[in-house]
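Beneath this line is the structure, given in C-alpha cells, with notes to follow.
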Amino acid sequence: MLRRAVLRFAENRKANVAIIFALMMVPTIFLLGMALDYTLALRKKGQLDAAADAAAVAAVRPAMLTQTDDNVVKATATAVFAAKANIAGLQSVPTPTVAVVDSGLQRTITVSYSAQSINNFPGVLGQQTWQINGTSTARASSAPNMNFYLLLDDSPSMALAATQTDITNMIAATKNQPAYAANCSFACHEKNPNNKAASSSNKDNLTVAIANNITLRIDLVTNAVKQLLVGPWTCPQSGVSGGVMQCMSALNNTTYNAAIYTFDYGLNTIQTLTTPTTAGTKIPNIQLLTVDHQNCPIVDSKGACVYTTDYGTDISGGLSGVNSVMPAPGTGTNQQGDTPQEVVFLITDGVDDKLIPKTGGSCDTNATYPLPTANGSTVRCQQPLDTTACTTIKNRGIRIAILYTEYLQLSDSWYQSRISQFNNPSSSTGTIAQRLQSCASPGLFADVQNGGDISAALTNLFIKVASSTASLMQ
C-alpha cells in the first residue's frame with residue numbers, strides 16, 4: 001500500500017511549474033544582484049578613473065613642472081583626486097598612490113587607486129563590497145629657462161625699401177640725388193654723402209627716406225624685436241604686461257633673458273644678456289651701418305679711406321662673435337646647479353659681403369670673378385652663408401633659429417652679375433635660402449618675402465622655440 005502511494009506521488013505532474021520556478025529563483029536572484037552590483041561598481045570606477053586623470057594632469061601643469069619638491073607635487077595630485085573622488089556608494093574615499101618620475105625636462109605622473117564599492121546584495125554575493133582599481137599616467141615636458149641672443153643684420157642691404165610700394169617711392173624720391181645714389185631703392189647711411197659734409201642740400205639716401213616716410217627693412221626688423229621685447233601684446237595672464245617674451249615666460253613659468261647684437265663688417269653689442277624688459281629699452285640703438293661715403297666704409301685717423309669698396313655683411317663673423325660670449329648651455333631646469341638653454345635668433349637676408357685675403361682667401365666657387373679689390377691685400381667676397389660657424393654652435397648643444405628676410409631678385413647690373421646665380425630659381429629656393437635652412441636647427445627656420453609680416457614671423461618662430469605640451473598617456 002505504501003509502495004503504491006509513493007508511485008502515485010512520483011507519477012503526479014500537477015504543480016511542476018511552481019516547483020521549478022521556486023527552484024530557479026535562487027540563481028536568478030543571485031545573478032540579478034551580482035549584475036546590479038557589478039554595473040554600479042563599473043560606474044563608480046569610471047568616476048574614479050576621471051578623478052585619477054584630473055589628478056595626473058594637474059600635476060604636470062606648467063606651474064607644477066617648476067616645482068622640484070616631489071611631496072608638493074604628490075600633495076597637489078592627491079588633493080585634486082580627493083575633490084573628485086568623494087562619490088556615494090564607496091566604503092570610504094580612497095587615498096591614491098602618486099608616483100613622480102623626472103627625466104631632464106620631462107615629468108611623468110602616475111596616479112593609482114584602490115576602492116571598495118558597497119554592494120546592494122551582500123548576502124547574495126557573500127561579500128559586503130566589490131573592489132575596483134585604476135591607474136592614470138600623464139607626461140609633460142616643462143618649458144626650459146632660456147637665454148636668447150638676437151643677432152640682427154644692420155648691413156646696407158637692410159636699407160632696402162620694405163615693400164614694392166616703398167621701393168617705387170624710394171626710386172622717385174632719389175631722382176635728384178648724385179649719380180651714384182640717384183633712382184635708388186636703397187637708403188644707405190653716409191656721414192659725408194657725395195664725399196662732402198652733410199647739409200640740407202647734400203643728403204644721404206637715408207635722410208631722403210625718412211623725409212618721405214619710406215619704410216625700410218631695418219624698420220621692420222626693429223618693429224619685430226619691439227613686439228618681442230616690449231609689446232604691446234595681449235597676455236593671457238592678468239597683470240602681465242610687455243612683449244611676447246614676457247607673456248610666454250608667465251605662461252610657461254620660466255625665466256627668459258635676452259641679448260641684442262647687430263652685425264655688419266663687425267659684431268656690435270647693443271645689449272648684453274639681461275631681462276627682456278631691460279633689453280627692450282635699447283631697441284632705439286638698432287641702426288643701419290654708417291659709412292663715411294660711397295665706397296668708403298672705414299676711414300683712418302687722417303680721414304683717408306682704409307678700404308675702397310662697399311662691403312659690410314659678415315654673417316659668419318657675427319655668429320662666431322656671439323658664440324664666443326655664450327656660455328655652455330644647461331638643460332634649463334630649476335634644479336640646483338643647472339643653467340638655461342642657449343638660443344641664437346638670427347635675422348638676415350643671407351648673403352655674406354666681406355673682405356678676404358687676396359692670396360689664400362676662400363670665396364664660394366660660384367662667386368663672380370674678378371672680385372672687387374678693397375686694398376692691396378684684400379678683395380671683396382659676396383656669397384651665401386658658409387655654414388661652418390653654424391655647425392660649431394650647434395655642436396655645443398645651442399639651437400639656432402633663423403628668420404630669412406628673402407634677398408630680392410633685383411634688376412640692377414651688380415645683382416645680375418654677382419648675386420643672381422645664388423638666388424635662382426627663386427629667393428625662396430636658391431642657394432641663399434638653402435644655406436640658411438641648413439644653418440638653422442631642425443624646425444627653426446622661417447622666411448619672409450618682400451612686404452611680409454616680419455613681426456608675425458618672428459613671434460611665431462619664438463613661440464615655436466618656447467612652447468611645451470602635456471599629454472595624458474592612459
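Among the residues that make up segment 136-158, is at least one of them over 30 Å from residue 436 (Cα atoms), of a type in the set (Val, Ile, Thr), free of Cβ contacts under 8 Å to residues at least 60 places away in the same chain and not assigned by TED's automatic domain parsing to the domain that holds residue 405? No. Where helices (runs of 4 or more DSSP H) sit wholly within segment 146-248, those with at least 2 residues that are of a type in the set (D, E, K, R) occupy 217-229.
Taking segment 418-437 as the search range and keeping residues that are over 22 Å from residue 344 (Cβ atoms) and not hydroxyl-bearing (Ser, Thr, Tyr), which one is surrounded by the fewest Cβ atoms within 10 Å (Cβ to Cβ)? Only one residue fits best here, namely 425. When segment 276-291 is filtered for residues that are in contact with an Asp or Glu (Cβ under 9 Å, 6 or more places away or on another chain) and either surrounded by fewer than 18 Cβ atoms within 10 Å (Cβ to Cβ) or outside the structural domain of residue 262 (by TED's automatic domain parsing) (or both), the ones remaining, listed by number, are 287, 290. Scanning segment 364-419 for residues that are touching a strand residue (DSSP E or B) at 6+ places or on another chain (Cβ under 6 Å), over 21 Å from residue 433 (Cβ atoms) and of a type in the set (Gly, Ala, Ser) yields a single hit, 374.
Taking the listed residues 187, 224, 250, the one that is within 18 Å of residue 410 (Cα to Cα) and hydrophobic (A, V, I, L, M, F, W, C) is 187, with no other qualifying. Output the residues belonging to segment 320-335 that are in a loop (DSSP other than H, G, I, E, B) and surrounded by 15 or more Cβ atoms within 10 Å (Cβ to Cβ). Listed by number, the residues that qualify are 326, 329, 330, 332, 333, 334. Among the residues examined, residue 367 qualifies as more than 21 Å from the chain's Cα centre (by Cα) and among the small types (Gly, Ala, Ser). Within segment 305-312, one or more residues are over 25 Å from the mean Cα position of the chain (by Cα) and crowded, with 23+ Cβ neighbours inside 10 Å. When 191, 175 are checked against the criterion of being more than 34 Å from the chain's Cα centre (by Cα), surrounded by fewer than 16 Cβ atoms within 10 Å (Cβ to Cβ) and farther than 29 Å from residue 304 by Cβ, 175 stands alone in meeting it.
The rows are residues; the columns are (1) buried (at least 17 other Cβ atoms within 10 Å of the Cβ); (2) of a type in the set (Val, Ile, Thr); (3) outside the structural domain of residue 332 (by TED's automatic domain parsing).
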site: 167; (1), (2), (3): yes, yes, yes
site: 195; (1), (2), (3): no, no, yes
site: 229; (1), (2), (3): yes, no, no
site: 235; (1), (2), (3): yes, no, no
site: 239; (1), (2), (3): no, no, no
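A quick yes/no check of all residues on (1) modelled with pLDDT of 90 or more; (2) surrounded by 10 or more Cβ atoms within 10 Å (Cβ to Cβ):
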site: 7; (1), (2): no, yes
site: 10; (1), (2): no, no
site: 17; (1), (2): no, no
site: 50; (1), (2): yes, yes
site: 56; (1), (2): yes, yes
site: 64; (1), (2): no, yes
site: 68; (1), (2): no, yes
site: 75; (1), (2): yes, yes
site: 81; (1), (2): yes, yes
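A residue that is of a type outside the set (Val, Ile, Thr), within 15 Å of residue 351 (Cβ to Cβ) and assigned to a loop (DSSP other than H, G, I, E, B) occurs nowhere in segment 451-470. Among the residues examined, residue 324 does not qualify as in the same structural domain as residue 375 (by TED's automatic domain parsing), in contact with a helix residue (DSSP H, G or I) (Cβ under 6 Å, 6 or more places away or on another chain) and modelled with pLDDT of 90 or more. If you check 261, 265 for being part of a loop (DSSP other than H, G, I, E, B), in contact (Cβ under 8 Å) with a residue 60 or more places away in the chain, in contact with a helix residue (DSSP H, G or I) (Cβ under 9 Å, 6 or more places away or on another chain) and crowded, with 18+ Cβ neighbours inside 10 Å, only one passes: 265.
Residue selection: residue 60 fails the criterion of being modelled with pLDDT of 90 or more, within 30 Å of residue 249 (Cβ to Cβ) and surrounded by 20 or more Cβ atoms within 10 Å (Cβ to Cβ).
Looking for something hydrophobic (A, V, I, L, M, F, W, C) and part of a helix (DSSP H, G or I) - is there at least one such residue anywhere in segment 296-313? No.
For beta carbons closer than 6 Å, sequence separation of 6+ or different chains, a first residue in segment 308-329 that is more than 24 Å from residue 189 (Cα to Cα) and a second that is modelled with pLDDT of 95 or more and among the hydroxyl-bearing types (Ser, Thr, Tyr), the qualifying pairs are 322/149; 322/261. Just one residue in the set 116, 131, 127 is without any contact (Cβ under 8 Å) to a residue 40 or more places away in the chain, part of a loop (DSSP other than H, G, I, E, B) and closer than 30 Å to residue 49 by Cβ; that residue is 127. On the given criteria, is residue 326 aliphatic (A, V, I, L, M) and in contact with a Phe, Trp or Tyr (Cβ under 6 Å, 6 or more places away or on another chain)? Here the answer is no, as residue 326 does not meet what is asked.
The values are calculated or read from the model by the stated rules, or taken from the named source; none is laboratory data. Everything quoted here is computed from the prediction, not taken from an experiment. Backbone-built Cβ (ideal geometry, glycine too); neighbour counts: all protein chains shown.
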